[in-house]
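**Q** Once you've had a glance at the structure underneath, I'll fire off some questions.
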Amino acid sequence: QVQLVESGGGLVQAGDSLRLSCAASGRSLSNFNIGWFRQAPGKERESVAAIRFTGGATSYADSVKGQSTISRDIGKNLVYLQMNNLKPEDTAVYYCAAGVTDWSGRPFIRAEKYNYWGQGTQVTVSS
């Protein structure tokens, strides 16, 4: 129903910035939330941020508030995650995911609410 492809990862140094992209195809995202998640080796998947595609309301995990910004390009069915001042602990595979939207409050960020997942893009931050 929804195909998602992440891009923009790579090897960067601590303090650098990176913008990840999530490209969606198959259908409009007008009735979806898009979330960003990350998973480091040997650790559980962690929520990062989410955006309600219609209206643009956002949610952020406490760990990334002030560091990361989620946004979308409505016409291109693209969702971005801008990450600034990267630290080695940000090293992980970053995934985007889509779930049928809610319509009140902050968009949900829990991974179990998301049904469609991309394959991930690796972000490695060196010190």
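The values are calculated or read from the model by the stated rules, or taken from the named source; none is laboratory data. None of the values given here were measured: they were computed from a predicted structure. Every residue, glycine among them, receives a Cβ derived from its backbone with ideal geometry; neighbour counts consider all protein chains shown. In case anyone asks, the SASA skips ligands and DNA or RNA and just uses the protein heavy atoms, side chains included. Shrake-Rupley method; radii C 1.70, N 1.55, O 1.52, S 1.80 Å.
**Q** Could you check region 100-127 and list, in sequence order, the residues that are among the acidic types (D, E) and free of Cβ contacts under 8 Å to residues at least 40 places away in the same chain?
**A** Listed by number, the list holds a single entry, E112.
**Q** Taking only pairs six or more apart or across chains, which ones have beta-carbon atoms under 8 Å, a first residue in region 70-99 that is farther than 11 Å from L29 by Cβ and open to solvent by less than 60 Å² (accessible area, probe 1.4 Å), and a second residue that is part of a helix (DSSP H, G or I) and of a type in the set (A, V, I, L, M)?
**A** Listed pairs, sorted by first residue: M83/V64; A97/A111.
**Q** Anything in region 1-32 that is open to solvent by 70 Å² or more (accessible area, probe 1.4 Å) and outside any loop (DSSP other than H, G, I, E, B)? List them, or say none.
**A** If the condition is that a residue be open to solvent by 70 Å² or more (accessible area, probe 1.4 Å) and outside any loop (DSSP other than H, G, I, E, B), then Q3, V5, L11, Q13, R19 are the ones that fit.
**Q** Further question: What residue, of G55, G35, G42, G66, is loosely packed, with under 13 Cβ neighbours inside 10 Å and within 24 Å of W103 (Cβ to Cβ)? If you could, list the steps in order and put the result at the bottom.
**A** On the way: G35 fails: loosely packed, with under 13 Cβ neighbours inside 10 Å; G42 fails: within 24 Å of W103 (Cβ to Cβ); G66 fails: within 24 Å of W103 (Cβ to Cβ).
Sole residue among the options that is loosely packed, with under 13 Cβ neighbours inside 10 Å and within 24 Å of W103 (Cβ to Cβ): G55.
**Q** State whether the residues of region 41-59 include one that is in a helix (DSSP H, G or I) and out of contact with any helix residue (DSSP H, G or I) (no Cβ under 6 Å at 6 or more places or on another chain).
**A** No; the residues of region 41-59 include none that is in a helix (DSSP H, G or I) and out of contact with any helix residue (DSSP H, G or I) (no Cβ under 6 Å at 6 or more places or on another chain).
**Q** Cβ-Cβ below 9 Å, separation at least six or inter-chain, first residue in region 23-45 and of a type in the set (S, T, Y), second assigned to a loop (DSSP other than H, G, I, E, B): which pairs?
**A** S25/V2; S25/N77; S28/F53; S28/N77; S30/F53; S30/T54; S30/I74; S30/T101
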